[in-house]
Amino acid sequence: MNDWSAAVATPVAGVRRGVIRQQEERAASELFEAVYPRLAGWCRRLVDDDGTAHEIAAEAFTRLWARWTRVEEPTGFLFVTAANLVRDHWRRTERERRALRRVTTEQALRAQAEAADPSVRILVQSLPERLRNPVLLYYYADLPVREVAALLGRNEGTVKADLHSARQLLRARLEEHHDRIS
């Protein structure tokens, strides 16, 4: 390739990329206009909330844009992605409901337990933070070890060891407390 053809080839390639990008953007805009209302309406029927439905539909399009050149059937991709996002929404909502029920129940039980034996609450609060956080998340928030580990940025084995250490420490302190009372 001589100097002249190299000088011409670079701008031509740039122009070609620009044309392709414009075509892709036009196709994406047309797809959005054609599919978004239907997708958002479908999501609305599944989640029974306009705001959440639009968030899910928009997120599905965002995920499509990230894979635009690799997706062969964009409409199918959008609906499958939206279905997965709806499923995630309902799972998250159910976890939140369970957590709210637990908190409400725990508050009622805690009020009874504190009247009976305030030492357990005090003992848990007196644990070192390294042990206290896993205990609160695992026993009080009722999260599985996997989620506790993810929230604390620790390995599952470390969380299990911390829970074991915390139980031993609490057991020893409770025995001391009850020996003093007896």
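General remarks:
- At R0 = 25 Å, FRET efficiency that the Cβ-Cβ distance of residue 176 and residue 100 yields, to 0.05: 0.10
- Karplus-derived 3J(HN,Hα) values for the stretch 93-98, using 6.51 cos²θ - 1.76 cosθ + 1.60 with θ = phi - 60°, are 4, 5, 4, 5, 4, 4 Hz; glycine and proline are entered as x.
- Normalising the average separation of contacting C-alpha pairs (under 8 angstrom, six or more residues apart) by the number of residues puts the relative contact order of the stretch 12-92 at 26 percent.
- Annotation: amide H of residue 71 has no partner in the under-5 Å range at sequence separation 5 or more or interchain, hydrogens built in the peptide plane.
- On the basis of the beta-carbon distance and an R0 of 35 Å, residue 21 and residue 147 show a calculated FRET efficiency of 0.25.
- In this simple spin-label model, placing a label point 7 Å from the Cα along the Cα-to-Cβ direction at both residue 120 and residue 160 gives a separation of 2.5 nm.
- Here the Karplus relation 6.51 cos²θ - 1.76 cosθ + 1.60, evaluated at θ = phi - 60°, turns the backbone of the stretch 74-81 into coupling constants of x, 5, x, 4, 4, 6, 5, 4 Hz, with x for every Gly and Pro.
Here, each number is a calculation from the coordinates, and none is a lab measurement. Bear in mind that the values here come from a model prediction, so they are computed numbers and not experimental data. Positions of Cβ are backbone-derived with ideal geometry, glycine not excepted, and every protein chain shown enters the neighbour counts.
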